[in-house]
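Beneath this line is the structure, given in structure tokens, with notes to follow.
The values are calculated or read from the model by the stated rules, or taken from the named source; none is laboratory data. Nothing here was measured: the structure is a model prediction, and the numbers come from that model. Please note: Cβ atoms are built from the backbone with ideal geometry, for glycine as well, and neighbour counts cover all protein chains shown.
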Amino acid sequence: MAETKNQTFAFSDKKRTDSDHLDGDNLITVKKQMLSSASTWEDPAAALAAARHEFGEHGGVNMSIEASATFTVMEPETLSRMFAGELGPDRDFFIYSRHFNPTVLNLSRQMAALEGTEAAYCASSGMAAISSVLLHLVSSGDHVFASTALYGGTHALMTHFLPRACNITTTFVDVDDLEAVRNAIVHGRTKVLYFESIANPTLKVANIPELCRIAHDKGIKVVVDNTFAPMVVSPARLGADVVVHSISKFISGGADIIAGAVCGSAGLVNSMMDLQQGPLMILGPTMNAKVAFELSERIPHLALRMKEHCHRALVFATRMKKLGLKVIYPGLENHPQHTLLKSFANKDYGYGGLVCVDMETEERANRLMHYLQNSTQFGFMAVSLGYYETLLSCSGSSTSSEMNTQEKELAGISPGLVRISVGYIGTLEQKWSQLEKALSRMQNSGSSNKY
Ligand SMILES: *Cc1c(COP(=O)(O)O)cnc(C)c1O
């Protein structure tokens, strides 16, 4: 037992020396190399490759899973020094896994590298990450400005839960209208401007640099949900203070795990983990180490997956538009923010993996989805996105059903909007012919000749 312990400590010591070049004040900074190259940060895949690689306890190429809720020490004084904040995860001292866990910390370092932030920490779901960050930055009596085009769950959090449980109110604004945003943010109680880089489900693209400039002029923090565009857009590099993710989508890619992350400064992450006040610590939206390990293994191929999602989305969107369908895709030149997205998207990833087709009525949307799934096997009727199979949903009656009719209208969600999360399974032409077949069935079954 003693021998095992010593060996472990010898290894830990080695790791500690290795990580000594980490900034001692910051508990969870990315590799120094990353920090020093932060100003020249250009590409998320390059940043991921430059981030620290953890090896396994026995020299495995993959890190060992630290599947422990609690951690032991050699001397009783060490515990009190850890609780006093003198010894932390930067020096390989861990207390309890609701606080920091080495395997979750490793995934968090990858998330920080991906988003080009100083630090990050992972949570049990996207909603856990979003609600924790809002509860951290906004206090009772304070106010949030948010885009009208938001994920249904976030919209419900801001419309119903936060006002009732926390006395936090939200005003929704159309973030396309920069002048309206500028004029709307006046009073000192507004703490956060919140929006999605590419909005769910309307695929509106936010002018991130300009919105950040406006908010920062007014002393307000900017939180951006980048769930729809990992790799494609890097909001923190464009000025956002905090980037949140639902890892359950593209980053996981397997449609098998629910997870989330908060990416921001080391100061933010450390204070969100504060033993007295930190929502990640106190509310406990903790990620399990085994889940963190699974996800860590998928991040290295996120860039490849995103490129294929985006490539196929662009091909399908272009071809469907040519057939005369009402297609919404930021990669098409007729998309209102196509030029904007092109101006700040990371090079060579594309324009996102989601395409929307407006079928005008829910009945036509449902009929199309029925053919696509049950006749031609193009995809599955299911909510969520970022899976290798194509997923189809009618947003108005599913993921955005938390919104009432007027709120949906304001957000630009037509009742016949079919959201397609384009998968990469099979060959592109095989999948296109399935899509084409379903579309021509649609035409044959309809009373009119149009789609
Ligand atoms: C799915 C989703 C969320 C919520 O994430 P969960 O992991 O399901 O909690 C938040 N924002 C957006 C844009 C999403 O698509």
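Would you confirm, using the coordinates I've provided, whether residue 90 is outside any loop (DSSP other than H, G, I, E, B) and charged (D, E, K, R)? For residue 90, the condition - outside any loop (DSSP other than H, G, I, E, B) and charged (D, E, K, R) - is met.
Within region 116-168, the set of residues being part of a loop (DSSP other than H, G, I, E, B), within 11 Å of the ligand (Cβ to nearest atom) and touching a helix residue (DSSP H, G or I) at 6+ places or on another chain (Cβ under 7 Å) comprises just one member, 149.
The condition (being closer than 22 Å to residue 321 by Cβ and more than 16 Å from the ligand (Cβ to nearest atom)) is satisfied by just one residue among 441, 419: 441. From the list 254, 260, which one is within 16 Å of the ligand (Cβ to nearest atom), within 12 Å of the chain's Cα centre (by Cα) and either of a type in the set (Gly, Ala, Ser) or surrounded by fewer than 22 Cβ atoms within 10 Å (Cβ to Cβ) (or both)? The conditions single out 260. Only one of the listed residues (402, 409) is surrounded by fewer than 20 Cβ atoms within 10 Å (Cβ to Cβ), of a type in the set (Asp, Glu) and not in a loop (DSSP other than H, G, I, E, B). That residue is 409.
Out of 206, 180, one residue alone is in contact with an Asp or Glu (Cβ under 8 Å, 6 or more places away or on another chain), at pLDDT below 95 and under 21 Å from residue 240 (Cα atoms). It is 180.
Within the option set 181, 244, 233, 192, being within 14 Å of the ligand (Cβ to nearest atom) and over 20 Å from residue 355 (Cβ atoms) holds for one residue only, 244. Of everything in region 385-399, what is assigned to a strand (DSSP E or B) and away from the ligand (no atom under 14 Å from the Cβ)? Give them in sequence order. Matches in region 385-399: 392, 394. When residue 262 is tested against (1) in contact (Cβ under 8 Å) with a residue 24 or more places away in the chain; (2) farther than 27 Å from residue 338 by Cα; (3) in a loop (DSSP other than H, G, I, E, B); (4) not acidic (Asp, Glu), only condition (3) is not met. Out of 308, 363, one residue alone is under 30 Å from residue 432 (Cα atoms), surrounded by fewer than 16 Cβ atoms within 10 Å (Cβ to Cβ), among the charged types (D, E, K, R) and not assigned by TED's automatic domain parsing to the domain that holds residue 200. It is 363. Based on what the data block shows, is residue 175 within 16 Å of the ligand (Cβ to nearest atom), of a type in the set (A, V, I, L, M, F, W, C) and outside the structural domain of residue 346 (by TED's automatic domain parsing)? Here the answer is yes, as residue 175 does meet what is asked. Note on region 324-354: residues that are closer than 15 Å to residue 231 by Cα and either among the aliphatic types (A, V, I, L, M) or assigned by TED's automatic domain parsing to the domain that holds residue 44 (or both) total 3.
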